[in-house]
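**Q** Take a look at this one; I'll ask things after.
The values are calculated or read from the model by the stated rules, or taken from the named source; none is laboratory data. This structure is a prediction, so every number in the text was calculated from the model and none was measured. So basically every Cβ, Gly included, is an ideal-geometry build from the backbone, and we count neighbours across all protein chains shown. The protein model used for the area step is the full one, side chains on, heavy atoms only, and it has no ligands, DNA or RNA in it. Shrake-Rupley method; radii C 1.70, N 1.55, O 1.52, S 1.80 Å.
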There are 2 protein chains.
Amino acid sequence: MRQVSIIGIGQTKVGEHWEKSLRQLAADAIRAAMADAGIERADALYVGNALSGEISGQEHLGALVADFAGLRGIEAVRVEAGGASGAAALRVGYLAVAGGLNDVVIVCGVSKMTDQVDPVRAAALALTLDGDYEAIHGLSLAAVWALIMRRYMHEYKVKHEDFAPFAVNAHRNAAGNPYAMFRRPISAQAFARAPAIADPIGLLDAAPLGDGAAAVVLCPARQAREFTDRAVDIAASTVATDAVALHDRRDPLFPAAASESARRAYKQAGVGPEDIDLFELHDEFSIAAALSLEACGFAERGRGVRLAQEGEIALGGRIPISTMGGLKARGHPVGATGLYQVVEVVQQLRGEAGANQVKGARLGMAQSLGGSGATALTHILKAID
Amino acid sequence: MRQVSIIGIGQTKVGEHWEKSLRQLAADAIRAAMADAGIERADALYVGNALSGEISGQEHLGALVADFAGLRGIEAVRVEAGGASGAAALRVGYLAVAGGLNDVVIVCGVSKMTDQVDPVRAAALALTLDGDYEAIHGLSLAAVWALIMRRYMHEYKVKHEDFAPFAVNAHRNAAGNPYAMFRRPISAQAFARAPAIADPIGLLDAAPLGDGAAAVVLCPARQAREFTDRAVDIAASTVATDAVALHDRRDPLFPAAASESARRAYKQAGVGPEDIDLFELHDEFSIAAALSLEACGFAERGRGVRLAQEGEIALGGRIPISTMGGLKARGHPVGATGLYQVVEVVQQLRGEAGANQVKGARLGMAQSLGGSGATALTHILKAID
């Protein structure tokens with residue numbers, strides 16, 4: 001098994017891209033990543049996407065994106081795992097390069113979410129839940145997370161306003177990220193005043209759906225220096241799953257897939273949570289951020305919210321999260337999000353995060369969730385000495 | 001890179017499975033493949049599926065199928081490449097095992113196509129075309145293949161009835177396959193009399209959409225004998241792509257992805273078309289069968305139909321195709337088809353094809369196409385001496 005490096009990154013701004021097609025967004029991110037890596041060709045392209053059939057009227061994105069990005073003929077398929085699709089595509093790219101089957105591989109995540117009205121988007125997102133047992137009863141993705149949040153608040157005696165630091169932190173960090181969807185800070189008061197979208201989840205607990213694409217270029221670590229002196233190594237790449245339906249899980253407040261995926265990642269990288277300098281987690285809802293922190297060993301169960309309240313998730317804190325705005329404020333282009341997280345970790349490890357730089361960052365982690373956490377992908381990236 | 005073996009196969013009958021859910025079909029095939037391999041657990045599951053969001057109201061099939069098949073927690077994602085999704089999932093499983101990242105891997109393809117009325121299915125299938133340039137103008141998948149067929153007939157002076165041997169051969173073979181959707185022979189007269197569905201494509205040129213699931217279990221060749229004495233090796237696994245839109249291709253009658261994918265497969269396996277004992281091709285429409293034969297070197301350009309007319313595609317011919325009925329008569333559960341083909345090649349190489357056995361088969365090939373041929377996967381399987 002070969003060590004794998006990321007030698008190029010690319011991303012579009014997240015937002016409403018009325019002027020650009022789905023394939024154009026993907027090609028923009030891919031060409032940016034290729035330019036960053038200094039490559040003109042590649043052996044394969046793996047595209048992460050969820051719901052483009054329902055939202056954009058287009059499946060079969062592997063061949064489509066490859067062709068439009070100037071890579072006609074290349075090996076290309078699409079990988080899907082709900083909201084974790086971008087990270088799942090990276091996992092497949094990692095398999096190909098680590099295993100020695102392909103050398104230079106591009107992984108791209110892309111989604112256009114704003115072409116449809118919200119009921120259509122909500123219906124599409126519900127397809128990442130259990131259709132026969134959850135969506136059929138009218139549950140939406142936000143509604144399932146709301147059930148989890150309500151239970152969390154009850155079980156651990158936490159109030160809704162206690163979750164404010166997650167949103168405040170994300171928006172503060174997004175202000176320094178030119179690719180973010182919402183670049184303005186918000187206050188804890190604004191968080192508390194926001195209308196409920198699925199009680200107890202308020203508007204400012206929830207990540208905004210946006211359009212965007214992000215891409216990385218992979219190659220074997222041994223060849224990385226031929227291309228760039230800014231390569232970052234993939235120290236771990238893992239996937240774990242759980243029951244898709246919330247009621248089928250052993251404990252609705254224990255995200256088993258996130259926990260198991262992190263456990264495998266720490267094992268593969270030979271590190272522990274105490275070694276991680278920053279953590280891009282799946283803060284699609286503030287409750288998800290709290291649970292990810294707990295699942296990955298940064299806080300005891302029921303204490304993820306406390307970690308945020310104590311300021312430890314800020315850029316100078318013990319474990320900075322959502323350092324470029326997170327899903328909450330950078331925005332959530334569903335099938336691309338997992339790769340935005342990875343691109344942002346690379347920015348941090350290269351020391352290119354500008355005002356948002358985590359000082360001395362050497363080891364960064366990204367975790368992406370599908371559905372209400374039934375799929376979890378964890379990637380640990382490492383700066384090269 | 002490790003040699004990879006298929007140590008177990010499983011399939012459900014193709015047809016209308018009103019009594020079984022999507023996940024149940026998948027689990028049935030997976031449990032059958034696991035029993036065939038004699039395994040109780042696996043390291044990962046890759047699910048091939050196209051259009052389950054549109055047809056079955058369910059995305060995020062990796063975690064869903066893993067859980068229902070008794071594999072909760074396992075690494076699991078879904079792979080999509082239109083009609084080639086099942087084969088694309090096999091490619092990802094191959095990457096994982098060949099590369100040494102996972103040892104025992106299950107690959108499953110599943111689709112339920114009959115739960116929806118035909119206009120819904122046709123609209124879904126059109127999403128595997130180019131949405132912005134083909135589907136937007138009302139082109140369906142059958143219509144694009146009809147354009148190709150019309151051009152082929154014009155260019156090579158071939159009549160519609162000349163394509164009859166493909167359908168006649170497929171139906172004759174399906175009669176011997178208990179898993180096939182249509183087990184009755186048809187005549188060339190019936191083929192000629194069938195109503196047009198997208199002129200010149202008639203009803204008996206087209207594969208019937210069905211429900212079904214097929215699965216295989218992979219492991220490193222070195223470990224295969226620990227599980228079974230009936231293992232089959234994967235001698236080649238390749239993907240190539242082309243423009244998704246027909247009008248963007250250099251030559252509408254040259255399936256570049258199929259040709260390139262086959263070229264890479266022959267190279268990887270160190271064989272040529274003359275070495276292949278049987279060929280499961282993507283006869284979704286009879287024209288596609290003719291073009292696959294040409295793209296893979298079994299006939300000169302424009303002579304694929306002649307090969308069929310000369311009887312060389314029959315079980316005793318030079319290159320038997322659709323030996324268990326093909327898409328045409330075994331049926332076409334879109335996201336599962338690529339794995340049905342592979343399961344059938346394994347049956348042949350094990351000598352378990354019953355009345356349909358290709359005598360002395362040692363090397364078999366399967367080729368699966370997405371859209372109107374924009375994605376092509378080719379797998380060459382080899383009997384172990």
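**Q** If you take the residues in the range A:95-107 that are buried (at least 24 other Cβ atoms within 10 Å of the Cβ) and assigned to a helix (DSSP H, G or I), which one is farthest from the other protein chains (Cβ to nearest Cβ)?
**A** A:97
A quick yes/no check of all residues on (1) in contact with a Gly (Cβ under 7 Å, 6 or more places away or on another chain); (2) open to solvent by 60 Å² or more (accessible area, probe 1.4 Å):
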| position | (1), (2) |
| --- | --- |
| B:148 | no, no |
| B:162 | no, no |
| B:166 | no, no |
| B:176 | yes, no |
| B:187 | no, no |
| B:193 | no, yes |
| B:205 | no, no |
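**Q** I've got another one for you. With the checklist (1) within 9 Å of another protein chain (Cβ to nearest Cβ); (2) open to solvent by 10 Å² or more (accessible area, probe 1.4 Å) in hand, flag the one item residue B:79 doesn't pass.
**A** Unmet for residue B:79, out of (1) within 9 Å of another protein chain (Cβ to nearest Cβ); (2) open to solvent by 10 Å² or more (accessible area, probe 1.4 Å): (2).
**Q** Further, regarding this structure: Condition check: crowded, with 23+ Cβ neighbours inside 10 Å, in contact with a helix residue (DSSP H, G or I) (Cβ under 6 Å, 6 or more places away or on another chain) and without any contact (Cβ under 8 Å) to a residue 40 or more places away in the chain. Does residue B:338 satisfy that?
**A** For residue B:338, the condition - crowded, with 23+ Cβ neighbours inside 10 Å, in contact with a helix residue (DSSP H, G or I) (Cβ under 6 Å, 6 or more places away or on another chain) and without any contact (Cβ under 8 Å) to a residue 40 or more places away in the chain - is not met.
**Q** Wholly within the range A:4-71, which helices (runs of 4 or more DSSP H) include no fewer than the required count, namely at least 3 residues that are surrounded by fewer than 24 Cβ atoms within 10 Å (Cβ to Cβ) and more than 8 Å from chain B (Cβ to nearest Cβ)?
**A** Hits in the range A:4-71: A:22-37.
**Q** When both residues are 6+ apart or on different chains and their Cβ atoms are under 7 Å apart, which pairs have a first residue that lies in the range A:185-198 and is touching a residue at least 12 places away in the same chain (Cβ under 8 Å), and a second that is among the aliphatic types (A, V, I, L, M) and open to solvent by 50 Å² or more (accessible area, probe 1.4 Å)?
**A** Close Cβ pairs (under 7 Å, with a partner that is among the aliphatic types (A, V, I, L, M) and open to solvent by 50 Å² or more (accessible area, probe 1.4 Å)) amount to A:197/A:203.
**Q** Answer yes or no as to whether residue A:253 is touching a residue at least 40 places away in the same chain (Cβ under 8 Å), more than 21 Å from residue A:144 (Cα to Cα) and open to solvent by less than 20 Å² (accessible area, probe 1.4 Å).
**A** Spelling it out, it is not the case that residue A:253 is touching a residue at least 40 places away in the same chain (Cβ under 8 Å), more than 21 Å from residue A:144 (Cα to Cα) and open to solvent by less than 20 Å² (accessible area, probe 1.4 Å).
**Q** Does residue B:181 count as aliphatic (A, V, I, L, M), within 23 Å of residue B:253 (Cα to Cα), away from chain A (no Cβ under 14 Å) and in contact with a strand residue (DSSP E or B) (Cβ under 7 Å, 6 or more places away or on another chain)?
**A** no
**Q** In the range B:226-264, which residues are within 14 Å of another protein chain (Cβ to nearest Cβ), out of contact with any Asp or Glu (no Cβ under 6 Å at 6 or more places or on another chain) and of a type in the set (A, V, I, L, M)?
**A** B:234, B:236, B:246, B:258, B:262
**Q** Related question: Looking at (1) assigned to a loop (DSSP other than H, G, I, E, B); (2) without any contact (Cβ under 8 Å) to a residue 24 or more places away in the chain; (3) more than 8 Å from every other protein chain (Cβ to nearest Cβ), can you tell me which one residue A:122 breaks?
**A** Unmet for residue A:122, out of (1) assigned to a loop (DSSP other than H, G, I, E, B); (2) without any contact (Cβ under 8 Å) to a residue 24 or more places away in the chain; (3) more than 8 Å from every other protein chain (Cβ to nearest Cβ): (1).
**Q** Go through the residues of the range B:108-120 one by one and say whether even a single one is at pLDDT 95 or above, closer than 30 Å to residue A:101 by Cβ, buried (at least 24 other Cβ atoms within 10 Å of the Cβ) and hydrophobic (A, V, I, L, M, F, W, C).
**A** yes
**Q** Also, quick follow-up: Select from the range A:125-156 the residues that are within 14 Å of chain B (Cβ to nearest Cβ), among the hydroxyl-bearing types (Ser, Thr, Tyr) and touching a residue at least 60 places away in the same chain (Cβ under 8 Å) and list them in ascending order.
**A** Answer for the range A:125-156, where residues must be within 14 Å of chain B (Cβ to nearest Cβ), among the hydroxyl-bearing types (Ser, Thr, Tyr) and touching a residue at least 60 places away in the same chain (Cβ under 8 Å): A:128, A:133.
**Q** Which one of the conditions (1) out of contact with any strand residue (DSSP E or B) (no Cβ under 6 Å at 6 or more places or on another chain); (2) charged (D, E, K, R); (3) under 16 Å from residue A:282 (Cα atoms) does residue A:151 fail to meet, given that it meets all the rest?
**A** Of the numbered conditions (1) out of contact with any strand residue (DSSP E or B) (no Cβ under 6 Å at 6 or more places or on another chain); (2) charged (D, E, K, R); (3) under 16 Å from residue A:282 (Cα atoms), the odd one out for residue A:151 is (3).
Results for (1) under 20 Å from residue B:371 (Cα atoms); (2) among the hydrophobic types (A, V, I, L, M, F, W, C), shown as yes or no for each residue.
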{"position": "B:133", "(1), (2)": "yes, no"}
{"position": "B:136", "(1), (2)": "yes, yes"}
{"position": "B:141", "(1), (2)": "yes, yes"}
{"position": "B:145", "(1), (2)": "yes, yes"}
{"position": "B:148", "(1), (2)": "yes, yes"}
{"position": "B:152", "(1), (2)": "yes, no"}
{"position": "B:157", "(1), (2)": "no, no"}
{"position": "B:162", "(1), (2)": "no, no"}
{"position": "B:175", "(1), (2)": "no, yes"}
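**Q** Quick check: is even one residue across the range A:265-277 within 14 Å of chain B (Cβ to nearest Cβ) and either crowded, with 22+ Cβ neighbours inside 10 Å or within 19 Å of residue B:59 (Cβ to Cβ) (or both)?
**A** yes
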